[in-house]
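Everything on this sheet refers to the single structure shown next.
The values are calculated or read from the model by the stated rules, or taken from the named source; none is laboratory data. Since the structure is predicted, the reported quantities are computational estimates derived from the model, not experimental observations. So basically every Cβ, Gly included, is an ideal-geometry build from the backbone, and we count neighbours across all protein chains shown.
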Amino acid sequence: MKTIGYAAQSAESPLAPYAFERRTLRSNDILMEVLYCGICHTDLHMAHNDWGWTQYPVVPGHEIVGRVIEIGSDVTRYKVGDSVAVGCMVDSCQHCDQCRKGEEQLCREGNTNTYNSPDRITQDITYGGYSKHLVVREEFTLRVPDGLDLSRTAPLLCAGITTYSPLRTWNVGPGSRVGVIGLGGLGHMAVKLAVALGADVTVLSRSKNKEAAARALGADRLLVSADEDAMTKAHSSFDLIIDTVPVKHDLKPYVPLLDVDGTLVLVGQIGPLEEPNTIPLILGRRRIAGSPIGGIAETQEMLDFCARKNILPECKMIRMDEINEAFEQLEQGDISYRFVIDMASLKS
Ligand SMILES: [Zn+2]
Ligand SMILES: [Zn+2]
């Protein structure tokens, strides 16, 4: 079927309207009308080919919320009219050990990304959520629970699950001492989710500027990372620190903050690390780890949890034709909310 979206044609060109075809529904596919799409830092990197693997034209977008408007003949989980969502992946092998455990994000054969990834059957490059319509197999479709505000749900599909998954992996619950570095799209979600799980939450920031914002999100305190005295006093006082900073930085000041068996988990793609010091790692049996998004079952669990606890991202709604300005603002950084595109603003 014909649809319309916004694409970048090269690393230098801005995003612009782009007409293209969505595949004819396979028996296990649903067709959704996209209502909202969040803007993730990855979209910016991919549009600009910052990682060197972008295939043009690229239609970004992997925080997608919409409504089912057609279903394939074998679809059983969804019906026309359902509110649904799609995150960062749209397919995986479905038979390896990781897929069978529900960890499709770790598929041994690699999962199929929502955009800029070859379809497993046709090899056509996938196009993301900056578009009117999306076709996706039902196994990779999430249900938006009643009670979640559709217009603010989209960022949960990447920023939400990327921070929820490590909180669950490291068993955060009442009494856990959690630190969050960075208070952007990911960081602000990490705070809200950790607070809702019952943790004692500290935001780590270079200055006191974000103290009020951190507290408004539910954090118990802000620790100024430039304050050496305060940092020394905080040694061995965290079970888990989630580092959401999306640019290169030194991890050395943060490792000693971990208690015995504590973990510093990186969720931002920052490339090679500065040389970490092994002494605090060895002596405190501390770990530096990484974590991607979660599997489909865990993503659904996160959506249901957010509906139950009424957790929603801080969002700023924009029109589709404001995308290039939003990218610029995102590039300049220091935004503690998520831009969300109102897809009704995209006229065919
Ligand atoms: Zn993302
Ligand atoms: Zn697999």
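A few points about this structure:
- The condition of being small (Gly, Ala, Ser), buried (at least 21 other Cβ atoms within 10 Å of the Cβ) and within 16 Å of ligand 1 (Cβ to nearest atom) holds for only one of Gly66, Gly38, Gly5, that being Gly38.
- Of the criteria (1) in a helix (DSSP H, G or I); (2) farther than 18 Å from Val180 by Cβ; (3) in contact (Cβ under 8 Å) with a residue 24 or more places away in the chain, which one Ile279 fails: (3)
- Only residues that are within 16 Å of ligand 1 (Cβ to nearest atom) and either surrounded by fewer than 22 Cβ atoms within 10 Å (Cβ to Cβ) or over 26 Å from Gln329 (Cα atoms) (or both) were counted in the stretch 46-63, giving 5.
- Which listed residue is buried (at least 21 other Cβ atoms within 10 Å of the Cβ) and among the acidic types (Asp, Glu), from Glu104, Glu139: Glu104
- Qualifying residue in the stretch 133-149 (condition: out of contact with any helix residue (DSSP H, G or I) (no Cβ under 8 Å at 6 or more places or on another chain), more than 14 Å from ligand 1 (Cβ to nearest atom), among the acidic types (Asp, Glu) and farther than 28 Å from Leu183 by Cα): yes
- The residues in the stretch 217-254 that are of a type in the set (Val, Ile, Thr) and surrounded by fewer than 21 Cβ atoms within 10 Å (Cβ to Cβ) can be counted, and the count is 4.
- For the stretch 250-276, a residue qualifies if it is among the hydroxyl-bearing types (Ser, Thr, Tyr) and in a strand (DSSP E or B), and exactly one does: Thr263.
- Residues in the stretch 82-122 that are more than 16 Å from ligand 1 (Cβ to nearest atom) and hydrophobic (A, V, I, L, M, F, W, C): Val84, Cys93, Cys96, Cys99, Leu106, Cys107, Ile121.
- Among the criteria (1) closer than 20 Å to Leu266 by Cα; (2) out of contact with any strand residue (DSSP E or B) (no Cβ under 6 Å at 6 or more places or on another chain), the one Ile121 does not fulfil is (1).
- Put simply, of Thr299, Thr263 the only residue that is outside the structural domain of Arg206 (by TED's automatic domain parsing) and of a type in the set (S, T, N, Q) is Thr299.
- Listed by position, the strands (runs of 3 or more DSSP E) enclosed by the stretch 173-226 that each have at least 2 residues that are closer than 19 Å to Val265 by Cβ, in contact (Cβ under 8 Å) with a residue 24 or more places away in the chain and not charged (D, E, K, R) are 177-181, 200-205.
- Of all the numbered requirements in (1) within 14 Å of ligand 1 (Cβ to nearest atom); (2) free of Cβ contacts under 8 Å to residues at least 60 places away in the same chain; (3) not β-branched (Val, Ile, Thr), Tyr130 misses one, and that requirement is (2).
- Count - residues of the stretch 92-101 that are buried (at least 17 other Cβ atoms within 10 Å of the Cβ) and farther than 17 Å from Asn28 by Cβ: 1
- Sole exception among (1) within 16 Å of ligand 1 (Cβ to nearest atom); (2) part of a loop (DSSP other than H, G, I, E, B) for Asp43, by number: (2)
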